[in-house]
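The values are calculated or read from the model by the stated rules, or taken from the named source; none is laboratory data. The structure presented is a predicted model; accordingly, all values stated were derived computationally and were not measured. Quick reminder, even Gly has a Cβ in these numbers, built from the backbone with ideal geometry, and neighbours come from all protein chains shown.
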Amino acid sequence: MQSDLLAKLKALAEPTRLRIVSLLAQGELTVSEIMQVLGQSQPRVSRHLKLLAGAGVCERFPEGGWVFYRLKRTGPISRLAALVDEFTEVNEPQVHRDRQRLSELKCLRAEAAAKCFEATAAERSRIRSLHFSEEAVEQAMIDLTKGRIFKQHVDVGTGTGRILELFVDQAEEGMGVDLSRKMLYVARAKLTEAGLSSRFVRQADASALPLNAGVADLVTIHQVLHYLPDPQAALSECARVLAPGGLLLVVDFAEHHHEALRTEYHHRWLGFPPAQVTAWMQSCRLTLKLLHTLEPKGIEGGLTVLIWAAERSIEGSTDDA
């Protein structure tokens, strides 16, 4: 334990690495982004990051051709990082320049993300016109979790990261996964813009989550099942990462006949019969606690939104699913 602490302190005992830790405290960054802020070469930045990662100060996450770095937020390093941040004088010229460049990078991220987001505006507008308002659906999700505090939230098929934001006051930490790199770009920009450094996203398939069993006490999968080739496999994977006593919220459409959503917007499934999703949950050894129905009002042939709330038995093993 003492040798581990010494290794971390040694890794921090260098000006550039302190600057990097101070930057990573604001959220995850790529090597390229750190290079732009520090004004240093790729080999030098990579060497510093390798030392910090080797000492367990930060974590490395490859994603396609990119590599993201993020401070570890558990154990003593979280307290060490807090000390670094506390003793960082933001008015010191170098620190001020770093923060200014980081702010400029965030703005560029946000602009690029907005362009990606605009590309799907027509689809979102068309679907919104057919069902209950998104605000009402989100409020129903919050109501279903009222009074509960979660340690780890995992949002499967996170899209823009909106559901991570929704539960920020109820979950200590949050991780979103999505297969689309474009949507991850949007999510990162939005989470950064909102100052949510305790929320991050990773590229992963819904049926192969990069998580150990039983690590999450809240798992959400919001308007995702209808895109998936195998929804049951995704629910099984959600159940695997859910801790005993943990809560799974699934939001999707009831069965419908809007064929255009399949032909124009790539929905693989035209909603689901409530009993079908419930049966899939039961096969994963989850217990359905509530099925909430949101009927469209004043919309002829509108889409009904269903919210399934299920729990993993406290007695059950996370390895059973």
Those residues that are loosely packed, with under 15 Cβ neighbours inside 10 Å and among the charged types (D, E, K, R), I need them from segment 5-20; list them, please. 10, 14
Residues being surrounded by 20 or more Cβ atoms within 10 Å (Cβ to Cβ) and assigned to a loop (DSSP other than H, G, I, E, B): count how many of those fall in segment 159-173. 4
Here the residues within segment 1-38 that are assigned to a loop (DSSP other than H, G, I, E, B), without any contact (Cβ under 8 Å) to a residue 60 or more places away in the chain and not aliphatic (A, V, I, L, M) are 14
For segment 141-158, name all the residues that are outside any helix (DSSP H, G or I), hydrophobic (A, V, I, L, M, F, W, C) and either out of contact with any strand residue (DSSP E or B) (no Cβ under 9 Å at 6 or more places or on another chain) or crowded, with 23+ Cβ neighbours inside 10 Å (or both). 154, 156
Does any residue of segment 82-94 turn out to be among the β-branched types (Val, Ile, Thr) and farther than 12 Å from residue 21 by Cα? yes
May I ask you to list the residues in segment 174-187 that are in a strand (DSSP E or B) and at pLDDT below 95? 178
